[in-house]
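The values are calculated or read from the model by the stated rules, or taken from the named source; none is laboratory data. None of these values were measured; they are calculated from a predicted model. Cβ atoms come from the backbone with ideal geometry, glycine included; neighbour counts cover every protein chain shown.
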Amino acid sequence: MQILVVEDEVKTADYLQKGLGESGYLVEVARNGHDGQHLIEEFAFDLIILDVMLPGLDGWQLLSHIRRRSQTPVLFLTARDKVEYRVKGLELGADDYLIKPFSFVELLARVRTLLRRGPPRETEYFQVADLHMDVMRRRVTRQGERLNLTNKEFALLHLLMDRESEVLSRTYIASQVWQMNFDSDTNVVEVAVRRLRAKVDEPYNVKLIHTLRGMGYVLEAPK
């Protein structure tokens with residue numbers, strides 16, 4: 001299993017790399033937040049060990065970036081021991097929080113526990129009214145008819161169905177489907193929604209994708 005350690009203290013990073021390596025893990029080290037972000041975008045890790053105080057991009061910001069992309073387990077390892085810091089880390093999506101100085105035996109036990117949990121199982125099937133999605137087979141039907149969607153259209157519809165009845169902003173949709181934030185004058189989300197509607201809604205009497213002006217989009221069946 002591959003572990004990423006994002007730690008700017010050289011001695012701590014080297015100690016973790018050596019100890020975890022001797023315990024059978026493949027370990028990559030990033031010395032600052034930006035390098036950590038680059039590695040996260042380029043490679044798939046089974047666990048990320050993250051410091052809070054990092055040059056360039058701090059641990060809070062990096063955790064938010066991770067959670068926009070995946071549910072990879074994250075263990076905060078930091079000298080920040082106040083309760084409010086621990087609460088903040090967990091609320092942002094960290095899976096565990098260990099205070100420096102630490103026992104390597106305890107850290108290793110926590111690492112093993114997080115790795116045993118694994119990522120949450122993704123919902124395989126969605127249904128809203130007569131619209132059905134089989135995620136594993138990448139198959140979408142409406143009224144029993146197969147809809148031919150592009151990869152981005154499938155990802156967009158998956159997001160809307162997964163968050164049924166929730167109003168999703170353009171910024172949120174862009175971050176989830178395209179993994180980046182678009183400038184306010186970019187209409188890529190509107191174009192993608194329009195193309196998706198042409199396949200999901202226009203041939204049918206009941207419309208499922210709705211626009212809330214100034215707020216975003218929502219997929220829901222009429223009540």
May I ask you to say which residue of 6, 29, 83 is modelled with pLDDT of 95 or more and farther than 28 Å from residue 172 by Cα?
29
Just to be sure before I move on: is residue 172 under 22 Å from the mean Cα position of the chain (by Cα) and among the hydroxyl-bearing types (Ser, Thr, Tyr) in the structure I sent?
yes
Only one residue in 164, 153 is in a loop (DSSP other than H, G, I, E, B) and surrounded by 14 or more Cβ atoms within 10 Å (Cβ to Cβ). Which one?
164
For the range 20-60, the count of residues that are charged (D, E, K, R) and in a helix (DSSP H, G or I) equals 4
Members of the range 138-162 that are among the basic types (Lys, Arg), in contact with a strand residue (DSSP E or B) (Cβ under 8 Å, 6 or more places away or on another chain) and without any contact (Cβ under 8 Å) to a residue 60 or more places away in the chain
139, 146
Could you give me the residue pairs with C-beta distances under 9 Å whose first residue belongs to the range 95-117 and is in contact (Cβ under 8 Å) with a residue 12 or more places away in the chain and closer than 13 Å to residue 48 by Cα, whose second residue is in a helix (DSSP H, G or I) and aromatic (Phe, Trp, Tyr) wherever it lies, and which are 6+ apart or on separate chains?
97/85
List, please: which pairs have Cβ atoms under 7 Å, are six or more places apart or on different chains, and start with a residue in the range 52-63 that is without any contact (Cβ under 8 Å) to a residue 40 or more places away in the chain and over 15 Å from residue 92 (Cβ atoms) and end with one that is crowded, with 19+ Cβ neighbours inside 10 Å and not aromatic (Phe, Trp, Tyr)?
56/33
